[in-house]
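Student: Have a look at this one.
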Amino acid sequence: MPVSIRLSKDIEERLNKLSKLTGRSKTYYIKESIEQHLDEIEDLYLAEQRLIDLRSGKSKTYTLKEVEKELGLED
């Protein structure tokens, strides 16, 4: 699926320089960057949502002792 993006002049210049130095396309580096960092971005979003849920009372935290007791793993 085609995607269009606008890059700052600085990023575009850096990408052009890297592309020329390595002989790889700008598309290659854009794709690599997305693939390497998408997991981190998704994790950050999920963490932010969980924090919002916790602060609003929609979710609850449990201590390790509570979890061990619930799972029958107490000493």
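No lab work stands behind these numbers, since they all come straight from the coordinates. If you're wondering where the values come from, they're calculated on a predicted model, not measured in any experiment. Methodologically, a virtual Cβ is constructed for each residue, glycine included, from the backbone with ideal geometry; neighbour enumeration extends over all protein chains shown.
Student: Excluding L15 itself, what net charge comes from residues whose Cβ is under 13 Å from its Cβ, given Lys and Arg +1 and Asp and Glu -1?
Tutor: +4
Student: Taking the Cα centre of the chain as origin, work out the dipole magnitude from +1 charges on Lys and Arg Cβ and -1 charges on Asp and Glu Cβ, in debye rounded to 20.
Tutor: Using only the charged Cβ atoms, the result is roughly 700 debye.
Student: Sticking with this structure for a sec: For the chain: lysine pairs with Cα atoms under 28 Å, gap of 8 or more or different chains, count?
Tutor: Eligible lysine pairs with Cα atoms under 28 Å apart amount to 9.
Student: Calculate the spin-label point distance for K20 paired with I52, positioning each point 7 Å from the Cα along the beta-carbon direction, and give it in nanometres.
Tutor: 4.3 nm
Student: Ok, one more. Based on the Cβ-Cβ distance from E12 to H37, what FRET efficiency comes out when R0 is 22 Å, to the nearest 0.05?
Tutor: 0.75
Student: How fast does the chain diffuse by Stokes-Einstein, in µm²/s, taking the Kirkwood radius from C-alpha pairs at 4 °C and 1.567 mPa s?
Tutor: Approximately 78 µm²/s, per Stokes-Einstein.
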